[in-house]
Ligand code: AMP
């Protein structure tokens, strides 16, 4: 297939708001692909390279884009794939120039729209989970197989491209061959947000509550003395976490798959912030040194396989029994089952007082819903709110095109009378809010560039967020984490917005 055809299709799918129409277009495309093209097209349409991240940054891309685009689209999917594979394999010292050259060779033969598509693909700008959901339905439609079978195969296999190839070419019998196997990762189960524990109990009745720790998700596989450790994105990071490998190797079971969270603790027993734990998973690591500085402790909360028994379709209680049978209590996530709001509240307070992010509330008998953001797993995080001032807004993309969307938010600095930027968010904004802010903010415009309109600092919004993290990028050295707009505060003037001192006090209290 020509890359141009795929680029045009991708644009059509993005433009079309209707889910069914998107599925229809994608299914039609899938039916026209040759066997070898299926994984490439599926990955590209989901906004990914089949190779994963290949280490092309913005500056390399800019250099590679220096030549003019070509007139007609001559490229095929195989051409693009061969180029990215070539870039991936070109490593070692002095490889930067060669990698740029290979990429430039591809971009010189691409049309203007293909270049834009490739650029967004390389920079990961198209990636969002919704595309995968639509793609799974499209694979089901194109292959005539039940979407349940396609979803399940994808969740245990983790590669939609592979699943699509088997579904389209070999059919359902082969699809059921995708089974959970120790050593091969599956997509982790995800949780839905929930306001508070009372709400969680209303939804679940009796709930299994667990601490929600803010570290790194790990899926650990043990087969004999072989141990693999996969991240949430299914990257094998065993080499970065030798202490975890040693701990799991020492467990009694012969074959085991555990799901859990690892994090680093401070000498006083409180967890380090997420950012600090994540230093253990950086790109260039001195593993021995980091292990000494930031030893990791695992807290396992699920068991998906134990000695030949696959448990993802067993109720939660059974999986927890299996967990308790193999993992000592000190390495298990603190947990209780209750239907009492008072007991649940006390558990939440205990989790937060111990420095954790909040709690998870799980339906005690739920199956393990790999890859799904299920209503059977609810996450309840401690929340802060601040009244902040809008300093600028960026134009939206896709459905939000033409609207000012991503807000730059700042707190008041009483010593200078200026505003200190703390982060950006486009979350929480309804269509009505987008429409209104587009109009109001343009009236307050002081300057603009290609992406952003800068405004007089007059509009106040109430912003909820879960955390503050250290950030050298922002002037106060702090940035909001998981910020979303709750509502506009037309009743407040900028002089009444929260101050940077309040923000620092929240940060200090969290670090205590
Ligand atoms: P979030 O990243 O905010 O969507 O929250 C989900 C993440 O919380 C999971 O991917 C895990 O990494 C993490 N987590 C921490 N504690 C638990 C727990 N007890 N059960 C499940 N996930 C947990």
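No lab work stands behind these numbers, since they all come straight from the coordinates. Predicted model only: the values in this text are computed from it and were never measured. All Cβ positions, glycine included, derive from the backbone under ideal geometry; neighbour counts span all protein chains shown.
Shape analysis of segment 355-406 based on the Cα gyration tensor places the equivalent ellipsoid semi-axes at 34, 20, 7 Å, largest first. The length gained on full extension between residue 343 and residue 456, counted as 0.36 nm times the residue separation minus their Cα-Cα distance, comes to 35.9 nm. Short-range pairs are left out: with C-alpha atoms under 8 Å and at least six residues apart, the relative contact order of segment 365-512 is 27 percent.
What FRET efficiency would be calculated for the residue pair residue 89, residue 250, taking the C-beta separation as r and a Förster radius of 45 Å, to the nearest 0.05? Computed FRET efficiency for residue 89 and residue 250: 0.75. If you take the alpha carbon atoms of segment 35-82 and fit the smallest convex hull around them, that volume is 96 Å³ per residue. Computed over the Cα atoms of the chain, the ratio of the radius of gyration to the Kirkwood radius (Rg/Rh) comes to 0.97.
Relative contact order for segment 198-271: what percent, with Cα pairs under 8 Å and sequence separation of 6 or more? That works out to 34 percent. Is the shape of segment 373-475 rounded, prolate or oblate, going by the alpha carbon gyration tensor and its root eigenvalues a ≥ b ≥ c, with a/c under 1.5 for rounded and a/b larger than b/c for prolate? Oblate. Multiplying the residue separation of residue 289 and residue 324 by 0.36 nm and removing their Cα-Cα distance gives an extension gain of 9.4 nm. As a proxy for reagent exposure, ranking 147, 225 by other Cβ atoms within 10 Å from fewest up yields 225, 147.
Working from Cα pairs under 8 Å separated by at least six residues, relative contact order for the chain is 12 percent. Considering all C-alpha pairs of segment 119-177, those separated by over 13 Å amount to 58%. Cα centroids of segment 348-400 and segment 141-166: 29 Å apart.
Panel note: the C-alpha atoms of segment 256-296, placed on their principal axes, show extents of 29, 27, 17 Å (largest first). Between residue 375 and residue 436, the simple spin-label model (points 7 angstrom out along Cα→Cβ) gives 2.9 nm.
Pairwise Cα distances in segment 92-154 exceed 14 Å for 70 percent of all pairs. Rounded, prolate or oblate for segment 239-355? Axes are the square roots of the Cα gyration tensor eigenvalues, ordered a ≥ b ≥ c, and the cut-off for rounded is a/c under 1.5. It is oblate, given that a/c is not under 1.5 and a/b is not larger than b/c.
Along its three principal directions, the equivalent ellipsoid of segment 39-138 from the Cα gyration tensor extends over semi-axes of 23, 16, 12 Å, largest first. For the chain, the mean residue ellipticity at 222 nm estimated from helices alone is -11500 deg cm²/dmol, where every DSSP H run of n ≥ 4 contributes -39500 (n - 2.57) and the total is divided by all residues, rounded to the nearest 500. Going by the alpha-carbon gyration tensor, a ≥ b ≥ c the square roots of its eigenvalues, is segment 152-270 rounded (a/c under 1.5) or, if a/c is not under 1.5, prolate (a/b greater than b/c) versus oblate? Oblate, because a/c is 1.5 or more while a/b does not exceed b/c. A protection proxy built from the mean count of other Cβ atoms within 10 Å ranks the segments 13-25, 298-310, 478-490, most packed first, as 298-310, 478-490, 13-25. Taking 0.36 nm per residue of sequence separation and removing the Cα-Cα distance, the residue 113/residue 317 pair yields an extension gain of 68.2 nm. No solvent, one uniform scatterer per C-alpha: report log10 I(q)/I(0) for segment 307-448 via the Debye equation at q = 0.14, 0.18 1/Å, two decimals. Values returned for q = 0.14, 0.18 Å⁻¹ are -0.87, -1.06.
If you look at the Cα atoms of segment 203-245, you get an Rg and a Dmax of 14.2, 42 Å.
For segment 64-212, a Kirkwood hydrodynamic radius built from all Cα pairs, placed in the Stokes-Einstein relation at 10 °C and 1.306 mPa s, yields a translational diffusion coefficient of 82 µm²/s.
Over segment 451-497, the ratio between the Cα radius of gyration and 2.2 N^0.38 Å evaluates to 1.32.
Spin-label model, residue 206 to residue 11: label points 7 Å out along the Cα-to-beta-carbon direction sit 5.8 nm apart.
Segment 412-462 has equivalent-ellipsoid semi-axes of 21, 15, 11 Å, by the square roots of 5 times the alpha carbon gyration tensor eigenvalues, sorted largest first. Residue exposure proxy: 395, 58, ordered by other Cβ atoms within 10 angstrom of their Cβ from fewest to most, comes out as 58, 395. Here the alpha carbons of segment 177-235 define both size measures, Rg and Dmax, at 15.7, 44 Å.
Counting only DSSP beta bridges with both residues in the chain, the antiparallel share comes to about 95 percent. Please work out the Cα center distance from segment 493-512 to segment 38-104, rounded to the nearest Å. Going from one Cα centre to the other spans 44 Å. Its Kirkwood hydrodynamic radius, worked out from the mean inverse distance over all distinct Cα pairs, puts segment 1-61 at 12.7 Å. With the highest mean first, a sort of the peptides 255-263, 98-106, 499-507 on other beta-carbon atoms found within 10 angstrom per residue produces 255-263, 98-106, 499-507.
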